[in-house]
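Below is one structure, written out as structure tokens, with a few remarks after it.
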Amino acid sequence: MSGLLKFITCGSVDDGKSTLIGHILYDSKLLYADQEKALELESKAGSRGGKLDYSLLLDGLMAEHEQGITIDVAYRYFTTDKRSFIVADTPGHEEYTRNMAVGASFADLAVILVDASKGVLVQTRRHARISHLMGIKNFVFAVNKMDIIDYDENKFNQIEEQINELVAQIGLENTAIIPLSATEGDNVTHLSADMPWYKGKTLLDFLETVEINDDNADNAFYLPVQRVCRPDRTFRGFQGQCESGKLTIGDEITVLPSGEKAKVKSIYASGKSVGQAIAGQALTVELDKEIDVSRGCVLTRDIKVQIGKTFSSEILWMDDEPLVLNEEYILQVGTNSIVASIEKINYKTDVNSGEKVKVSSLHKNELADCTIKLANISTLAKFKDYQALGSFILVNRVSNMTSACGVIRNIDAINKEDYTFIADNIKIAATLFDEYYYNMRDTKIDKALSKYNGFTIGDTLPLKGKTYNYPDKIDIIALTEKKVITVRQGKINAIIAVNKYIYDEDITPALMDSRGFAINVYDKKSYEKFYDEYLVDKNQADFWNKWVDCTKYRHILFNDNYWII
């Protein structure tokens, strides 16, 4: 029996996607008796003159039944003698393209329907491009409603030429083209007597036998950390899904972005201790020593990713509101959430021709190549190499709606100006010199990024700005990098590792973090307690409310439009 196949049906509105999958379920005897009876009864009140309307098996919403269209993504699980399947029946209407993109994000194969009476339409092209964008590598173009054109081979050949042109334009691989009729069942589960000129497989036969390569089987290991598990003081585990490769007890792993190394002490899968784990499993991993790991970090072995801040990407704009350049969004990549902005639209892709068009804004359902900049350095990968670290969504910070989804194509090398402090091999990114404004234009707090090169030992720091005022004698603790920058008389005196830093209440000046927030410690004992709690509770709001004062050295200015400053 072949492995599980996850696929979607997509295409233009009313191409027969739901009918096709419904017919497969019906012909394969995969329905319960009450489901068959309900289908017969509902079909009598439908639009097919009493004939079975197979789409009713997939369209679950009342609005879908009333309008005869698919709105939401309908997932179905079924099994034949040869294979198990999960199918996502996705909407064809342009208004619900974002729902189609969600369905495509999980699939190994796309069945794209084409109405034989209409040929390849704009939405057909858009869905093919979105499926390719989402990493789908196997495609079936099902030319449906062949009964309407009297099973005409010449008309099918004309549509086949249109499809082949689209395939070449996008650069699709592993494609098949099958003529069929979803309502009559031609070439769905049985070969059609009305199309003797077609010598290929039925759709179901193709789906049962197509080989899907598992790119994760032998690749390097990586696991984006979802949460830190600390049931008691004796155990600290890191939980997430193994996205690629294998992990064995005793393996040395690297934690990104910090670069710290440790060995695997124990592995748990489904609550049970295991000696080895593979891609697809949800794991809890315990390490042999205490290191700084939290949600958004990545446990890796033999993986080639980059630590970056700027990258080029291909995105699908999904928001009703047009894209605004330099507007801040929350970018979610892997398990990490970070503030980001789209700096530049390099070009928009014309859905019909594939032409690269220069534009200054994007509207709903448009595809484009864009340059995105993150607020801080993060672990990134090209989508073609590591899908979980190379795909992302952009979330509107006000409405909390998903504005775009996309994939990373290229990552820019880190420049000196991307770091605030540099000394030998030490590189620290900080935001303590950025300015904060309450923007009257859209009634929210915005940040103006400072432009500077990296500071090193001996450099004088700009300790006074429009929205901050720091003492000229202060220690700055960069918690992520585990480094401390000591400042004396306004100059960097030293940059040392946190494990070599000694807090002496008699000589140590004020302490703040790399964001410019004062830390409420005043003696060695409270400092040690602060840092111990940070290692455990840094993702908890209570920890920051207890230890950090955001207003001692910083404040916020009101401004009509901070971009003009």
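Only the coordinates and a few stated rules stand behind these numbers; no lab work does. Just so you know, these numbers come straight off a predicted model, no measurement behind them. Cβ: placed from backbone, ideal geometry, glycine included. Neighbour counts: every protein chain shown.
Compute the Cα gyration tensor for region 110-240, then decide on rounded, prolate or oblate, letting a ≥ b ≥ c be the square roots of its eigenvalues: rounded whenever a/c is under 1.5, prolate when a/b is larger than b/c in the other cases, and oblate in all that remain. Here region 110-240 falls in the prolate category. Across region 353-364, computed HN-Hα scalar couplings (Karplus, 6.51 cos²θ - 1.76 cosθ + 1.60, θ = phi - 60°) run 9, x, 5, 8, 10, 6, 9, 10, 8, 10, 10, 3 Hz from first to last residue, x flagging Gly and Pro. Does region 221-301 classify as rounded, prolate or oblate by the C-alpha gyration tensor (a ≥ b ≥ c root eigenvalues; a/c under 1.5 gives rounded; else a/b over b/c gives prolate, otherwise oblate)? Note, shape of region 221-301 comes out rounded. Calculated FRET efficiency, residue 288 to residue 409, Cβ-Cβ distance, R0 = 35 Å: about 0.40 to the nearest 0.05. Packing order of peptides 514-525, 9-20, highest average first: 9-20, 514-525 (average count of other Cβ atoms within 10 Å over each peptide's residues). Evaluating 6.51 cos²θ - 1.76 cosθ + 1.60 at θ = phi - 60° for every residue in region 152-165, the Karplus couplings come out as 6, 5, 5, 5, 5, 4, 5, 5, 4, 5, 4, 5, 4, 5 Hz, glycine and proline recorded as x.
The share of alpha-carbon pairs in region 228-274 lying farther apart than 18 Å comes to 33%. Between residue 356 and residue 457, the simple spin-label model (points 7 angstrom out along Cα→Cβ) gives 4.6 nm. From the cross-link list 246/382; 82/155; 344/444; 447/546, which pairs have alpha carbons spaced over 30 Å apart? Check vs 30 Å cut-off fails for 82/155. Per-peptide packing, taken as the mean over residues of other Cβ atoms within 10 Å, places 350-356, 222-228 in the sequence 222-228, 350-356 from highest down. Fully extending the segment from residue 330 to residue 122, taken as 0.36 nm per residue of separation minus the present Cα-Cα distance, adds 71.8 nm. Ordered by the count of other Cβ atoms within 10 Å of each Cβ, fewest first, 229, 297 give 229, 297.
When a/c is below 1.5 the answer is rounded, else prolate if a/b is larger than b/c, else oblate, so apply that to the chain with a ≥ b ≥ c taken from the square roots of the Cα gyration tensor eigenvalues. Judged from the Cα gyration tensor, the chain comes out prolate (a/c at least 1.5, a/b above b/c).
Think of each Lys and Arg Cβ as +1 and each Asp and Glu Cβ as -1; about the Cα centre, that makes the dipole of region 306-414 roughly 280 debye. Placing pseudo-labels 7 Å out from each Cα toward the beta carbon at residue 230 and residue 558 gives an inter-label distance of 4.1 nm.
In this structure the amide hydrogen of residue 246, modeled in the peptide plane, comes within under 5 Å of the amide hydrogens of 221, none closer than 5 places in sequence on its chain. Net charge of the neighbourhood of residue 87, taken over other residues with C-beta under 9 Å away and scored Lys/Arg +1, Asp/Glu -1, is +1. Computed from the C-alpha gyration tensor, the three semi-axes of the ellipsoid equivalent to region 431-565 are 27, 19, 12 Å, from longest to shortest. Segment residue 447..residue 212, full-extension length gain: 80.0 nm, with 0.36 nm per residue of separation and the alpha-carbon distance subtracted.
Pairs of alpha carbons in region 88-138 separated by more than 12 Å make up 60% of all such pairs. For the pair residue 248 and residue 153, a Förster radius of 60 Å applied to the C-beta separation gives a FRET efficiency near 0.60, rounded to the nearest 0.05. The length gained by stretching the chain between residue 424 and residue 396 to full extension, at 0.36 nm per residue less their Cα-Cα distance, is 6.2 nm. Site pair residue 347 and residue 184 shows an inter-label distance of 4.4 nm when each label is modelled 7 Å from Cα along Cα→Cβ. Dividing the summed helix terms, -39500 (n - 2.57) for each DSSP H run of n ≥ 4, by the number of residues in the chain produces a 222 nm estimate of -5000 deg cm²/dmol to the nearest 500.
Once the Cβ-Cβ distance of residue 549 and residue 270 is raised to the sixth power relative to R0 = 45 Å, the FRET efficiency obtained is 0.55.
Applied to region 533-546, the Karplus parametrisation 6.51 cos²θ - 1.76 cosθ + 1.60 on θ = phi - 60° returns per-residue 3J(HN,Hα) values of 5, 4, 4, 9, 10, 5, 8, 9, 4, 4, 4, 5, 5, 6 Hz, with x for Gly and Pro.
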